[in-house]
Amino acid sequence: MSARNLILADLDGDRTWRLQDYLARGGYAALKKIIAESTPPADIIAEVKASVLRGRGGAGFPTGLKWSFMPRSFPGAKYLACNSDEGEPGTFKDRDILRYNPHSVIEGMIIAAYAMGCERGYNYIHGEIFEVYDRFEEALAEARAAGLLGDKILGSDFSFDLFAHHGYGAYICGEETALLESIEGKKGQPRFKPPFPASYGLYGKPTTINNTETFASVPFILRDGGETFLNYGKPNNGGTKLFSISGHVNRPGNYEIELGTPFSELLEMAGGMRGGRKLKGVIPGGSSSPVVPADIMMDCTMDYDSISKAGSMLGSGAVIVMDETTCMVRALERLSYFYFEESCGQCTPCREGTGWLYRVVHRIEHGLGRPDDLDLLNSVTTNIMGRTICALGDAASMPVQSFVKHFGDEFAYHIEHKTCLVPDDVQREGSKIYVGPSC
Amino acid sequence: MLSQESLKLIDVEVAKYPSDQKQSAVMAALRIAQQEKGWLARETIDAVASYLDMPAIAAFEVASFYNMYDLEPVGEHKITVCTNLPCALSGGVHAADYLKQKLGIEFNETTPDGKFTLKEGECMGACGDAPVLLHNNHKMCSWMTTEKIDQLLADLAK
């Protein structure tokens, strides 16, 4: 188990994101083979199933299974959407895939459209990365000019066109039905499920939504085989995955590794702990995933099953590393503010509950905590979870529950002593402006 | 109301969607209008809505929902700093404090000369580049040390 680049393969040296370079590193070979051999769509879905590729956006749902939900004989339009609305704190992998290898996403989407009979697709790109959106538009133009997108792709009977849709600052649009609402030109408020997008999606038509990294993994799977991909990971956790490492490490950044690689190795790749300080806790899968204390984390391998056993989630693969200079109350306060700010306001438990969570954590952090506040926090979370249309309410609750569970002493200290366990100057020094050697 | 150039850009966006789904272009159209006008006044939003044959209130809902649209005037240079947890661990808050001190304003304020507005941002999906800030919504500035912030402000003040 180790570092291995499948998604970001051969990008060193002079190789750029442009079409000619993507072709030179074997790009579009999978698509060309499919077109030349008129591969039956069912065979493609079978290959993706064999790879055990699981959705890279956070939920980890098996991609091949998701594709098989699309009604094959549906008359009329079917849509494909790519979720590049990457705004889960800690996650920054899709930005790099789109910057350095946009054609891998385009090829993956064309293959997916072929397999599911979609005529049109949209890539929903996170608002704050406008320059990446511009580049993706350029990559689309290259693909169209080369006959890889549009009417009668590569001279076949298969037509598919793909467009970029630019978000404008709303975390909730990473939720797949909010994303569809947003493409329709509305507020990004999630829809009730069922009906699921595979039966009622964009403009009411069958739609499949996958994450950027998921699509970017597809060309390799079709070119080298699902089993080859699977074997790079471990059973039930196929392939490689990008991990975005942020926080107190020497080299924050993206690292593509085989699923099942020990966390300790990943930490080593990221240059180890900044200033040689001691690891305190890790949020292993984006801000919504429960925090894991250092000793448990050091025994984990980076895959869906191992992180789940540790009581958290692999999520989007966003690893937020916190060292001993971190005040866990302050860390949670910032996350709770985020969910409060980003709740779409549709469901009362989330709209009111996220504000409540933030205000209570805020008062604990600022020396105004009350003795029963920890019980109050737990009670608010259980009254949010499972009572909302989408998962944002749960996403806001899980950090609160896990921070209080694992670092309860620190919260209690705050409430009792009206101050941080970690002195303020230590915190400031630990989280001062840091620019690593990779920059 | 909107310039010919803006309308042309909006037409390109409209063409991305099925012909009976012009409303899908509203997010892009509002962005383009904001680029032209600097911010989105009610009459600008109304103009966008009427161009796309959609109710004005539906366009206003979109403009008020997504946080990169400015419904009030902002300075010539809007600087949005991410202070979310991953950025904060690598100096996001320090960078924000430094900007406040240099510009003499707090978040959501504009300098008296109308040059700079400072905003606190949520996750921009670039946590590995912390401290990160956005200039006028579209230009991302990475690894912003105090030296680089000085340089940026000097360049923008010209």
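Figure legend. Inter-residue proximity from the range A:355-370: first residues more than 13 Å from A:Ala396 (Cα to Cα) and assigned by the TED database to the domain that holds A:Phe407, second residues open to solvent by 40 Å² or more (accessible area, probe 1.4 Å) and among the hydroxyl-bearing types (Ser, Thr, Tyr), beta-carbon distance below 8 Å, spacing 6+ or different chains. Indicated pairs: A:His362/A:Tyr337; A:Gly367/A:Thr419. The criterion of at least 2 residues that are of a type in the set (Phe, Trp, Tyr) is met, among helices (runs of 4 or more DSSP H) falling completely within the range B:48-107, by B:56-65. Applying the criterion of being outside any loop (DSSP other than H, G, I, E, B) and within 14 Å of chain B (Cβ to nearest Cβ) to the residues of the range A:403-439, the residue that is surrounded by the fewest Cβ atoms within 10 Å (Cβ to Cβ) is A:Asp425.
Close Cβ contacts (under 6 Å, 6 or more residues apart or on different chains) running from residues in the range B:106-131 that are within 13 Å of chain A (Cβ to nearest Cβ) to residues that are open to solvent by 60 Å² or more (accessible area, probe 1.4 Å) and of a type in the set (Phe, Trp, Tyr) comprise B:Asp129/B:Trp143.
Taken together, B:Leu71, B:Leu103, B:Leu156 contain a single residue that is open to solvent by 20 Å² or more (accessible area, probe 1.4 Å), touching a residue at least 60 places away in the same chain (Cβ under 8 Å) and not β-branched (Val, Ile, Thr), which is B:Leu156. Within the range A:82-102, residues that are outside the structural domain of A:Gly201 (by the TED database) and more than 24 Å from A:Asp161 (Cβ to Cβ) reach no partner that is among the β-branched types (Val, Ile, Thr) and at pLDDT 95 or above with beta carbons closer than 7 Å at six or more positions or on different chains. For the range A:320-363, taking the residues that are touching a His at 6+ places or on another chain (Cβ under 9 Å) and among the polar types (S, T, N, Q), the one that is nearest to A:Gly174 (Cα to Cα) is identified as A:Ser336. Only one of the listed residues (B:Tyr51, B:Tyr66) is in contact with a Phe, Trp or Tyr (Cβ under 8 Å, 6 or more places away or on another chain), surrounded by fewer than 24 Cβ atoms within 10 Å (Cβ to Cβ) and touching a residue at least 24 places away in the same chain (Cβ under 8 Å). That residue is B:Tyr66. Just one residue in the set A:Glu213, A:Glu227 is surrounded by fewer than 23 Cβ atoms within 10 Å (Cβ to Cβ) and touching a residue at least 40 places away in the same chain (Cβ under 8 Å); that residue is A:Glu227. Total residues in the range A:147-182 satisfying the condition of being under 21 Å from the mean Cα position of the chain (by Cα) and assigned to a loop (DSSP other than H, G, I, E, B): the figure is 5. Of everything listed in (1) without any contact (Cβ under 8 Å) to a residue 12 or more places away in the chain; (2) facing chain A (nearest Cβ under 9 Å); (3) open to solvent by 40 Å² or more (accessible area, probe 1.4 Å), the single unmet condition for B:Pro18 is (3).
Residue by residue, here is whether (1) in contact (Cβ under 8 Å) with a residue 40 or more places away in the chain; (2) farther than 30 Å from A:Ser264 by Cβ; (3) charged (D, E, K, R); (4) not in a helix (DSSP H, G or I) holds:
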residue	(1), (2), (3), (4)
A:Ile7	yes, no, no, yes
A:Asp10	no, no, yes, yes
A:Asp21	no, yes, yes, no
A:Gly26	yes, yes, no, yes
A:Ala30	yes, yes, no, no
A:Ile35	yes, yes, no, no
A:Ile44	yes, yes, no, no
A:Lys49	yes, yes, yes, no
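The values are calculated or read from the model by the stated rules, or taken from the named source; none is laboratory data. Only a predicted model underlies this, so the values are computations on that prediction, with no experimental measurement involved. Note: ideal-geometry Cβ built from the backbone for every residue, glycine included; neighbour counts use all protein chains shown. Side chains are part of the model used for accessible areas, which takes the heavy atoms of the whole protein and leaves out ligands, DNA and RNA. Shrake-Rupley method; radii C 1.70, N 1.55, O 1.52, S 1.80 Å.
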